[in-house]
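Data first, discussion second: the structure below is written as structure tokens.
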Amino acid sequence: MTRHASAPTGARRSGTLGMVNSLLDLHQWRAVSAAALVLAMLATAALYVGQIAPLFVPADVDNPAVRIVIASDSYRLFTQPLFNELSAYSASRAPSPSASTYYVDDRSQWGLTVLARLELIEVPPVKPAKRLAGDRPAYKYMSSYQVRLDWSALMVVLLLESLFGATLHVLFRSRPARDRVAFEAQIIADHYAALRDGARVSGPPAPSDRELLTRVLLGFHTFCLRLNRRGRDRSGVLVNDEYDVQDLLSALLVVHFDNVRVEEPLPSHAGRGSRIDFLLPVLRTGIEVKFVRDPAKARDLGAELLVDATRYQAHPDCTHLMYFIYDPDMHLRNPQDLVTDLTRHDADWTVAVVVVPAR
């Protein structure tokens, strides 16, 4: 298995700061984009509802849309000749106007259509019995109005809202997986906690470091599944043996811890040297990896680990041992019994067991 060296503290600090800044920029871009799309959808809907508000009030001369039509130049140009003709008739300077109905279809207001109806009607005399022969009847124009919805404008608004909604849907669908979001949030939280407490990256371990290590190990199976399910017709990353597990776990550990020693030599035991897969000096913790590849390996695993534990205890920088057992095909019949048999909590030596996937 290839040896890995720990990166210098200064380079690790710069790399962590760059990662935090990149994550902040990415999260800020997503948040600003989502907020802008939501505001655009709400603003478009509010403006359109405000524009078509005259639909919901009586269509008379007090209606805002009707008042705009009546005050327009086009309406005056159309109706002025009609009123002039009627005035001339009333002054006995013109023949009787023919009974007619006129319509003004106004589409100048976006989202609305206003239809004005002018109907020429005869005004009955106040005292019909006293009308003399030859008297000219009186006429007037009766006005009525209709305010209608402009369907083409409605289609434009619905199209805009659909585009905003589709963009928002794509934005939320492209969000990273939940475990990645939690991982990114942990990076940012750890970075600012270090700044707040004045701690250096290579300083003493925080109380939660060992819990973080346990979380990394428990999430290993999910991590492997994600690597195996790649998009765009890419081949997945398969875990075939113990060396694959060690390589992937090494990559995960160096993200969270500054000093990760790989294949750390152990003091000679019974004239024979051996190594532990990983040693985290800042936690005084050793990690031994086991990959359960078949039922035969599962049967002998407990006895093998009991013998190995005495060798790992001899290392001066290791007071806590973690057995990481990766059993993706679930060959272990009673993993809880294995955990119970191997776990120890002595004054100067502890052993913990993490079986993944948990069950």
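A few notes on this one:
- Which numbered condition Gln186 fails, given (1) surrounded by 13 or more Cβ atoms within 10 Å (Cβ to Cβ); (2) at pLDDT below 70; (3) not in a helix (DSSP H, G or I): (3)
- When restricted to residues that are surrounded by fewer than 16 Cβ atoms within 10 Å (Cβ to Cβ) and not in a strand (DSSP E or B), the stretch 340-356 contains 7.
- For Ala199, the test of being open to solvent by less than 90 Å² (accessible area, probe 1.4 Å) and at pLDDT below 70 is passed.
Here is a yes/no grid of residues against (1) open to solvent by less than 80 Å² (accessible area, probe 1.4 Å); (2) at pLDDT 90 or above:
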{"residue": "Asn63", "(1), (2)": "yes, yes"}
{"residue": "Phe78", "(1), (2)": "no, no"}
{"residue": "Ala88", "(1), (2)": "yes, no"}
{"residue": "Val104", "(1), (2)": "yes, no"}
{"residue": "Leu118", "(1), (2)": "yes, no"}
{"residue": "Lys127", "(1), (2)": "no, no"}
{"residue": "Lys130", "(1), (2)": "no, no"}
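A quick yes/no check of all residues on (1) modelled with pLDDT of 90 or more; (2) of a type in the set (D, E, K, R):
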{"residue": "Tyr145", "(1), (2)": "yes, no"}
{"residue": "Arg148", "(1), (2)": "yes, yes"}
{"residue": "Leu158", "(1), (2)": "yes, no"}
{"residue": "Thr167", "(1), (2)": "no, no"}
{"residue": "Leu171", "(1), (2)": "no, no"}
{"residue": "Ala177", "(1), (2)": "no, no"}
{"residue": "Arg180", "(1), (2)": "no, yes"}
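- Pairs where the first residue, in the stretch 52-77, is touching a residue at least 12 places away in the same chain (Cβ under 8 Å) and farther than 15 Å from Arg117 by Cα and the second is surrounded by 11 or more Cβ atoms within 10 Å (Cβ to Cβ) and of a type in the set (Asp, Glu), C-beta under 8 Å, 6+ apart: Ser72/Asp106
- Residue within the stretch 296-309 that is within 23 Å of Leu342 (Cβ to Cβ), of a type in the set (Val, Ile, Thr) and free of Cβ contacts under 8 Å to residues at least 24 places away in the same chain present: yes
- So Arg226, is it assigned to a loop (DSSP other than H, G, I, E, B) and either more than 19 Å from Val353 (Cα to Cα) or of a type in the set (A, V, I, L, M) (or both): no
The values are calculated or read from the model by the stated rules, or taken from the named source; none is laboratory data. Remember, predicted model here, so these are calculated numbers, not experimental data. For neighbour counting, all protein chains shown are included, and Cβ atoms are generated from backbone atoms with ideal geometry for every residue, glycine included. Quick note on the areas: whole protein, heavy atoms, side chains included, nothing else; ligands and nucleic acids left out. Shrake-Rupley method; radii C 1.70, N 1.55, O 1.52, S 1.80 Å.
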